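Presented below is the structure to which this report refers.
The values are calculated or read from the model by the stated rules, or taken from the named source; none is laboratory data. All values reported here derive from a predicted model rather than from experimental measurement. Every residue, glycine as well, gets a Cβ built from its backbone with ideal geometry; the counts of neighbours run over all protein chains shown. When the accessible area is computed, the model is the full protein with side chains, heavy atoms only, and any ligands, DNA or RNA have been set aside. Shrake-Rupley method; radii C 1.70, N 1.55, O 1.52, S 1.80 Å.
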Amino acid sequence: MTERLDGPQDPPAQVAGGPSTGPAETPRKQRRLGPSPTVAIVFLLPAALLLGIWVVYPIVYSIFRSLFDSTGSGFVGLGNYAMIFSDQGMLTTIRNNLIWVVVAPIVVTTIGLIFAVLTERIRWATAFKLIVFMPMAVSLMAAGVVFRLVYEENPDKGLANAILTTVHDTFSSSQGYPEARPREGDQSPVALQGGAVVTKQPAQVGTPVLFPIVGVKPEVMPSNAQPAKAAPAGDGLSGTVWFDFTQGGGGTNNAVDASERGLPGVTVEAVRDGQVAATATTADDGTFRFDGLPQGSYVVRLPQSNFEAAYGGLTWLGPALITPAIIGAFVWVWAGFAMVLIAAGLAAIPRDALEAARIDGATEWQVFRKITVPLLSPVLLVVFVTMIINTLKVFDLVFIIAPPSVQPQANVIALEMWRVSFQGGNNQGLGSALAIFLLILVLPFMIMNIRRFRRGDS
Amino acid sequence: MTTTATAAAPSSGLETGTPRRGVLSKIVDRLGSGVVQVVMVLLGLFWLVPTLGLLVVSMRTTEVNNAEGWWTIFTKPAELTLQSYQGLLAGGFTASFWNTVLITVPTTVLVIGIAAMAAYAFAWMDFPGRDGAFLVVVGLLIVPIQIALIPIAVIYGNVGIFGSILGVVLFHTAFGLPFAIFLLRNFFVGIPASLLEAARMDGAPEWKIFVSVVFPLGKPAIASLGIFQFLWVWNDMLIALVFADSGNQPMTKYLQSQMRQFGSNMDILSSGAFLSLIIPLVLFFAFQRYFVQGMMAGSVK
């Protein structure tokens, strides 16, 4: 199973297949001239020593160590394991791992499948694969820094919120004017009522309504604001919302002066009998107009939403969204892996099977669901299982992306194991129990690998 | 899965399903492929842009970065500067770069050498318990390294190599071996038996067959393993956090220590993160074929 991102595939080289294909048969019988077992032991010795001391012995040691307290001298039985399932912080950690294991492998496999199918339909597939695959070569540390930048809360710095606020502002025209308020006093035609600004007198169709607003902070004044204009009288209900303040003094209160600017993007509602009869938005010069409104008197209202702060995006790195945010970074890293593996599987599907189905009248969707996906299922399984193992072990991304204050809410087992054993806590009994817990979680996949390998071998 | 398939086959449902394709279905196909093109461009940007942002941030001053997003570079190009990189290289980063090299290169060489020997034995030598031993190697493929952190820290403390580069290299080597042996053994098994038998018939010693027959024939697999192992060690943070003291720390640990003040250290972090990913990216683009092969062969890891 060889695959390259560029160009046509070579005829399959001898590179070993994964366990999905099974290894080639070990040529055992024809070997009569083989060396003695002593020679084999010499060849195996360095690997055996390293694996024995660094991998196998630690498993045994950790099992025993996990039964003792932090000092290593007091026997606590399964106390450390009981702690894992009773401590509140630990339960959050396990819950997070559960979210990871359920969400991340499905998302990565699905995206990998979509990308693999889509790349078959474009000519620049190589470039696309290289781009999506690239994060695989980058350290998770660097990927973490990249996503700390993406998730910055300030929309002027973080890309995620910059996109969100742009999209939000495109679809919702209302412009935020926090802390702005109507001009007060008997002379003012409008007043504050439950956060909204309403006309004191019912407005009549044909008579322009004036909304003098003060307290607009310079930084929220939009750059497209034009000098305010009085709305022309005429049929229809119209009016002006403007910043009733002339720089350097002067100007008449509650009147539209030439030196004053309109407030663009304010939502205006015409209310009759408690029902909103029509909605309009102010233009750059602050004027608005309700067209086709039946005759009668209305209360004109600027709803409270106009005076709330502008939409600032999401708190990605806060306690609520931190795990989904980090899973997003994980998907960014691993989608290329899934895509390349699944694309190789796709390339191996016999074209005649697909063509035969099409000739028999199957739709593309049927071909995909009834033929492509079933034939791909071994590859999809390999990707899925690999992602489960990776999510169980996830450490770097959480450690780097979650700010220190949010790490308790973002915690995962691998991170907690390191923290408990080597940071602050220094409780190597509990740390060993967490490591064994992690080992037990990957154990089913270990057994699966061995069984799959044996099946391939025989 | 439903959404997957819908997106995957944009022209589905509209096609008649008959083998004869009319003008209409051709037009639909064209339109469909146009949509796919646009979607793919957007997705490609989605994957490319975060890294691009890191590069731009690393080439602007802290003041500019605090004032505006990096994407303003397109509308009002602020002056790009290498100031951050100068500051970075004047600090502790340079030493950590060399530590990364000192850890990564020996580990890669050791893993290749030791694993190739073991893989040759597993593939072409008879000894009691061979198949069982190899199954153990397959089982060890996915052992989490967390299991060894505490026991090995204790051993290193007793032997006196805790914090040293040697300790980090040995830990990496041991945990690289299962994958390496697995990959190489499966490749070596495919070497034609006649080549080995001819050499054995001539009475060549096993080490000579290993060096002059198996190793050269195994080059493609060894290249895959080498690039994979190199990147794995180069990019590691956890093992370095535990076993490398501050004098021997690689780039990942050095940069991690700067994370605490993320905002004020943005210049060091962005430029450091970018420098740390240059070499992996160059290797990736130069050897992507071997990289992908290694990944596919070892996808159980």
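So which DSSP H runs in chain B come out at 27 Å plus along the axis (Cα) with average Kyte-Doolittle of at least -0.5?
Once both thresholds are applied, what remains is B:23-58, B:93-124, B:165-188, B:266-286.
Trypsin sites (Lys or Arg not before Pro), restricted to segment B:202-270: which are DSSP loop and have at most 11 other Cβ atoms within 10 Å? List each step's numbers first, then the result.
Details: sites: B:Lys208, B:Lys253, B:Arg260; in loops: none.
Counting only loop positions with at most 11 other Cβ atoms within 10 Å, none of the trypsin sites (Lys or Arg not before Pro) in segment B:202-270 qualifies.
Can you tell me the order of A:322-330, A:372-380, A:295-303 when each peptide is scored by its average per-residue count of other Cβ atoms within 10 angstrom, highest first?
Values: A:322-330: 22.0, A:372-380: 17.4, A:295-303: 19.3.
Answer by packing, highest mean first, reads A:322-330, A:295-303, A:372-380.
How many percent of the accessible area of chain A is carbon or sulfur, using a 1.4 Å probe?
59
Just grab the label-to-label distance for A:Phe422 and A:Ser259, each label 7 Å out from Cα along the Cβ direction, in nm (one decimal).
A separation of 6.8 nm, rounded to one decimal place.
Determine the total buried accessible area between chain B and chain A, counting protein heavy atoms only with a 1.4 Å probe; round to the nearest 100 Å². Could the numbers behind the result be given before it?
Numbers: alone 17740 and 26000 Å², together 32560 Å².
Summing both sides, the interface buries roughly 11200 Å².
Can you list the residues, at least 5 places off or on another chain, whose amide H is less than 5 Å from the amide H of A:Ala278, using H built in the peptide plane?
The list, which skips near neighbours in sequence, is A:Ala270.
Please arrange A:Glu184, A:Glu355, A:Glu416 by accessible surface area, largest first, computed with a 1.4 Å probe and ligands excluded.
Details: A:Glu184 145, A:Glu355 90, A:Glu416 25 Å².
Largest accessible area first, the list is A:Glu184, A:Glu355, A:Glu416.
Shape call for chain B from the C-alpha gyration tensor, a ≥ b ≥ c root eigenvalues: rounded (a/c under 1.5), prolate (a/b greater than b/c) or oblate?
Values: a/c = 2.42, a/b = 1.15, b/c = 2.11.
Oblate shape, in that a/c is at least 1.5 and b/c is the bigger or equal ratio.
Nearest 10 degrees is fine. How inclined is helix A:428-457 to the longest principal axis of chain A, computing both from alpha carbons?
Once rounded, one gets 70 degrees.
Sort out for me the Cα centre separation of segment B:216-270 from segment A:124-194, rounded to whole Å.
Between the Cα centres of segment B:216-270 and segment A:124-194 lies a distance of 32 Å.
What's the FRET efficiency of B:Leu195 with A:Asp69 using the Cβ-Cβ distance as r and R₀ = 60 Å, to the nearest 0.05? List each step's numbers first, then the result.
Numbers: r = 59 Å, r/R0 = 0.98.
Between B:Leu195 and A:Asp69 the formula returns 0.55.
Rg/Rh for chain A to two decimals, with Rh computed the Kirkwood way over all alpha-carbon pairs. Before the final figure, lay out the partial values.
On the way: Rg = 33.5 Å, Rh = 28.6 Å.
Here Rg/Rh amounts to 1.17.
Given the rule -39500 (n - 2.57) for each run of at least 4 DSSP H residues, summed and divided by the residues of chain A, what is its mean residue ellipticity at 222 nm, to the nearest 500 deg cm²/dmol? It would help to have the intermediate numbers written out before the result.
Working: 15 runs with 205 residues, N = 458.
The helix contribution divided over chain A gives -14500 deg cm²/dmol.
If DNA, RNA and ligands are ignored and the probe is 1.4 Å, what is the ranking of B:Glu68, A:Glu120, A:Glu260 by accessible area, most exposed first? All intermediate terms of the calculation are to be shown ahead of the outcome.
Values: B:Glu68 40, A:Glu120 100, A:Glu260 5 Å².
Greatest to least solvent exposure: A:Glu120, B:Glu68, A:Glu260.
Of all beta bridges DSSP finds with both residues in chain A, what is the antiparallel percent, to the nearest 5? Don't jump to the answer; show the numbers that get you there.
Details: 26 of 31 bridges.
Roughly 85 percent of the beta bridges in chain A run antiparallel, per DSSP.
With everything on Cα atoms, drop me the angle between helix A:159-171 and the longest principal axis of chain A, reported from 0 to 90° to the nearest 10.
That helix lies at roughly 40 degrees to the long axis.
Can you send over the solvent-accessible area of A:Ser86, 1.4 Å probe, protein chains only, in Å² to the nearest 10?
Looks like 70 Å² after rounding.
If R₀ is 22 angstrom, what is the calculated FRET efficiency for the pair B:Val35 and A:Arg351, using the beta carbon separation as r and rounding to 0.05?
Details: r = 24 Å, r/R0 = 1.09.
About 0.35, to the nearest 0.05.
How far apart, in nm, are two points set 7 Å out from the Cα along the Cα-to-Cβ line at B:Asp131 and at A:Thr252?
Inter-label distance under the simple model: 10.4 nm.
Under a point spin-label approximation (7 Å from Cα along Cα-to-Cβ), what is the A:Ile359-A:Gln275 distance to one decimal in nm?
Here the modelled spin labels are 6.5 nm apart.
Give the angle, between 0 and 90 degrees and rounded to the nearest 10, that separates the Cα long axis of helix A:413-422 from the longest principal axis of the Cα atoms of chain A.
Tilt of helix A:413-422: around 80 degrees.
So how much slack lies between A:Arg454 and A:Ser297, counting 0.36 nm per residue of separation and subtracting their Cα-Cα distance, in nm?
Working: separation 157, 0.36 × 157 = 56.52 nm, distance 8.52 nm.
Length gained, A:Arg454 through A:Ser297: 48.0 nm.
Once each part is reduced to its C-alpha centroid, what is the distance from segment A:42-67 to segment A:260-295 in angstrom?
Centre-to-centre distance over Cα atoms comes out at 76 Å.
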